[in-house]
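Enquirer: One structure is given below, represented as structure tokens, and several questions about it will come after.
Rule-based calculations on the coordinates, nothing more; no lab input. Since the model is a prediction, treat every value here as computed from it, not as a measurement. Neighbour counts are summed over all protein chains in view; Cβ atoms, including those assigned to glycine, are modelled from backbone coordinates with ideal geometry.
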Amino acid sequence: MIGLAYAMGTSPAGGAGAGPGGLANALILPIAFIVIFYFLLIRPQQKRAKQHRDFLAALEKGDEVITSGGIHGRVTGVADKVVTLEVAPNIRIKVEKANVAGKKPKTQEKTAASD
């Protein structure tokens, strides 16, 4: 009977023959992957999302912004979910607030004109 139990991979005491520390060894790798996944992917994405929410909450009239579609404009009005942009003199468009990607980078107009 004991020979049959060893052949089937169980100990005579009736436990699964995983050996000492079998459960701990089996859990270390998945837990390590979850921790690495969290610190490399989830946490930075949550941080960027919070920064974008704070940026959208701080939008005000006169800010130069770029939409996620690549449209450059100056904010002329801010509502709850809609931002009005002036893209050319007397040409205004309304875009969803969530589609504003960021502020327009400051370029040095003088150096570009002198080149």
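Enquirer: Starting at the first residue of segment 89-104, write each ³J(HN,Hα) from the Karplus equation 6.51 cos²θ - 1.76 cosθ + 1.60 with θ = phi - 60°, in whole Hz, x for Gly and Pro.
Expert: Rounded to whole hertz, the list is x, 6, 10, 10, 10, 10, 10, 5, 4, 5, 8, 7, 7, x, 6, 5.
Enquirer: Calculate the spin-label point distance for K97 paired with Y38, positioning each point 7 Å from the Cα along the beta-carbon direction, and give it in nanometres.
Expert: 3.1
Enquirer: Applying the Karplus parametrisation 6.51 cos²θ - 1.76 cosθ + 1.60 with θ = phi - 60° to the phi angles of segment 54-60, what ³J(HN,Hα) value in whole Hz is obtained for each residue in order, glycine and proline being reported as x?
Expert: Those phi angles translate into 5, 4, 5, 5, 8, 4, 9 Hz.
Enquirer: Something else: Can you tell me the dipole magnitude for segment 20-104 around its Cα centre, using point charges on the Cβ only (Lys, Arg +1; Asp, Glu -1), in Debye to the nearest 20?
Expert: Result for segment 20-104 is approximately 20 debye, rounded to the nearest 20.
Enquirer: Amide H of K104: which non-local residues (sequence gap of 5 or more, or other chain) have their own amide H closer than 5 Å, using H built in the peptide plane?
Expert: Here E64, V65, I66 satisfy the definition.
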